[in-house]
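Below you'll find the structure, written out as structure tokens, and then a few comments.
The values are calculated or read from the model by the stated rules, or taken from the named source; none is laboratory data. These numbers come from a predicted model, not from an experiment. Cβ: placed from backbone, ideal geometry, glycine included. Neighbour counts: every protein chain shown. Note: accessible area is taken over every heavy atom of the protein model, side chains too, but ligands, DNA and RNA are not part of it. Shrake-Rupley method; radii C 1.70, N 1.55, O 1.52, S 1.80 Å.
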Amino acid sequence: MDILKELVAKEINRRDFTKLCAAVAAVFGMPKAFSKDIAFAAENAMKKPAVIWLEGQDCAGCSESLLASINPSVAEIVLDTLSIRYHETIMAGSGYVAEKAREDTIKEGGYVLVVEGSIPTADDRFCMIAEKPFREILLETAKNAAVIIAVGSCATFSGGIPGATPSKGRGVTHFIKDKPVINLPSCPLKPSRLVATVMYFLASGKAPEMDKYGRPLAFYSTLLHENCPRRGHFERGEFVTDWNDSGQREYCLLLKGCKGPKTYTDCAQVWWNDGANFCINAGAPCSGCSQPEFYNVFSPLYEKQQTFNIGPNTTVNLDTVGRTMMGVAGAGVIVHGLGRLASKSNDEEE
Ligand code: SF4
Ligand code: SF4
């Protein structure tokens, strides 16, 4: 099936498609000419790469995030460019038929494996599919995959929210050590990141440049705190302390649990839902969902972190900072200084 015909049917014209390919090239820091390779890969319908999308301990929120994307045409480009052979939430088949589709695809090899949800470490019985431990399903499916992409907080690092439950769920890299895994953490998945990563892989045949946590630098190299729209209030020492005080509506959310000073993400530059909004702008503190510390270390999410890192061996107690703010006119300058040091410290750790 010709993807261009499909795009026309979806009223996406050639110009928009070219713009999308150029945007994918730009996001990964590739020269403009690379967008032609991306377009070629997407148009090469005969090659429709197979995809197996596994779901472990999850809420299906990442699938939902992609499928209910405000601009469905973008998600459809990926879904239509790929041949989804197995996806529990959207496939029509079930039972033996569904499992056979997965097994046949594994035999063929060279497919894209997307993993959503965590894998239990306490006891396999916390997550069984078709009478098989999900851990075994993951390992046998990973074996012949051309690329493995772990999406959302549960499938990455310490297993997101299931990681804090008795099942002790963990992310894909806890189990797969012999081949690279591209981590796209956040709760839920940010669709544009998966679209761009898949298109980049189709065009180049390799994973994009990643940080030490396996996150593409294109999305996870900037500190949220440095780009935050509330940063000016942080600088002036203006913090939300009372949710009911409308006068504090725009203030910095640090004392309400914001993890922005410890979180690397492009959320402040590339807003969610096709640029509609993102957590902090909507009034919610960042919960650090793209970091390895999410959820266990960063919880409770709406309570301020007791300590603020200002160096590898130095921390400051936020209660002390808070008391200082109440009594000293230059408190903003003090907190700003701490923020600067914290940012510097985080950069050094990277
Ligand atoms: S602490 Fe949070 S709300 Fe405050 S400036 Fe930093 S990222 Fe923004
Ligand atoms: S702003 Fe923070 S909590 Fe919100 S999506 Fe981005 S990293 Fe996650």
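The table below lists the values:
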quantity	calculated
Selection within the range 284-293 - within 18 Å of GLY214 (Cβ to Cβ) and either more than 15 Å from ligand 1 (Cβ to nearest atom) or over 12 Å from the mean Cα position of the chain (by Cα) (or both)	PRO292, GLU293
Residues of the range 265-281 classified as of a type in the set (Gly, Ala, Ser) and either within 9 Å of ligand 2 (Cβ to nearest atom) or assigned to a loop (DSSP other than H, G, I, E, B) (or both), total	2
Residue match in the range 250-264 (condition: in the same structural domain as VAL297 (by TED's automatic domain parsing), within 10 Å of ligand 2 (Cβ to nearest atom), free of Cβ contacts under 8 Å to residues at least 12 places away in the same chain and outside any helix (DSSP H, G or I))	no
Which listed residue, of SER192, SER186, is small (Gly, Ala, Ser) and in a helix (DSSP H, G or I)	SER192
Residue within the range 174-183 that is within 16 Å of ligand 1 (Cβ to nearest atom) and in the same structural domain as GLU140 (by TED's automatic domain parsing) present	no
Wholly enclosed helices (runs of 4 or more DSSP H) of the range 1-111 bearing at least 3 residues open to solvent by 60 Å² or more (accessible area, probe 1.4 Å) and at pLDDT below 90	3-9, 14-27, 34-43
Per-region count, the range 179-206, residues small (Gly, Ala, Ser) and within 12 Å of ligand 2 (Cβ to nearest atom)	1
Hits in the range 163-175 (condition: open to solvent by 10 Å² or more (accessible area, probe 1.4 Å) and assigned to a loop (DSSP other than H, G, I, E, B))	THR165, PRO166, LYS168, PHE175
Residues of the range 213-248 satisfying the condition of being among the polar types (S, T, N, Q), part of a loop (DSSP other than H, G, I, E, B) and within 13 Å of ligand 2 (Cβ to nearest atom)	THR222
